[in-house]
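What follows is a short report on a single structure.
The values are calculated or read from the model by the stated rules, or taken from the named source; none is laboratory data. Small disclaimer: the values here were computed from a predicted structure and weren't measured. Note: ideal-geometry Cβ built from the backbone for every residue, glycine included; neighbour counts use all protein chains shown.
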């Protein structure tokens, strides 16, 4: 069941996020940690990264690096919490129908779900896929490298768009959401096919 927050809680959270945003690039780093650690925040890392890159194109690369680092820290924190909590922790977060589907997708496609959701600027349930990875025993290094491989191109691209297009970058992404989704589907299918091909080659090389 989706948790609901009181208006007073949302107001305090909004003020908290606004204070972080006012810090500039260091605030982006903190926001990326909190967001990837699973804390629901109004606004978002993507929007702030674009805003800061638009305001100061010379700092776009720095902002992208801070967003990447913060996201990695937050994802690894959530991963380890889920790993320690195990199946019981996973069950609490996937009891809804949507959660059950996310868990089934992860069990079928593995880290590809983490990669695509972490890469996409279009909303996807990254938090639940990270929880699945931790609770179901995915090894730390493959998980870390998967998140890194997804966040680097995502945040570099967003910083570049912000530095080049300014305030229009967000509108550009929204207007091309379906195109982005289509590209992600193609990338997912290609990677899935590659994984299956490698698995088949390994099975052929080492028959039981």
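Observations, loosely collected:
- Residues of the stretch 96-124 that are under 12 Å from the mean Cα position of the chain (by Cα) and more than 16 Å from residue 182 (Cα to Cα): 114 alone.
- Every condition in (1) modelled with pLDDT of 85 or more; (2) assigned to a helix (DSSP H, G or I) holds for residue 137 except the one numbered (2).
- Filtered by the rule that a residue be closer than 13 Å to residue 112 by Cα and in contact (Cβ under 8 Å) with a residue 60 or more places away in the chain, the stretch 123-138 gives 126, 130.
- Top-ranked residue in the stretch 52-67 [being assigned to a helix (DSSP H, G or I) and surrounded by fewer than 20 Cβ atoms within 10 Å (Cβ to Cβ); ranked as modelled with the lowest pLDDT]: 55
- Criterion (modelled with pLDDT of 95 or more, crowded, with 16+ Cβ neighbours inside 10 Å, within 21 Å of residue 101 (Cα to Cα) and touching a helix residue (DSSP H, G or I) at 6+ places or on another chain (Cβ under 8 Å)) met by exactly one of 143, 129: 143
- Of 85, 44, all but one fail to be surrounded by fewer than 19 Cβ atoms within 10 Å (Cβ to Cβ) and without any contact (Cβ under 8 Å) to a residue 24 or more places away in the chain; the exception is 44.
- Residue count for the stretch 5-33, restricted to those that are at pLDDT below 70 and either loosely packed, with under 12 Cβ neighbours inside 10 Å or not in a helix (DSSP H, G or I) (or both): 6
- Residues within the stretch 153-165 that are within 11 Å of the chain's Cα centre (by Cα) and surrounded by fewer than 24 Cβ atoms within 10 Å (Cβ to Cβ), tallied: 1
- Residue among 104, 171, 149 that alone is surrounded by fewer than 16 Cβ atoms within 10 Å (Cβ to Cβ), closer than 26 Å to residue 25 by Cβ and free of Cβ contacts under 8 Å to residues at least 12 places away in the same chain: 171
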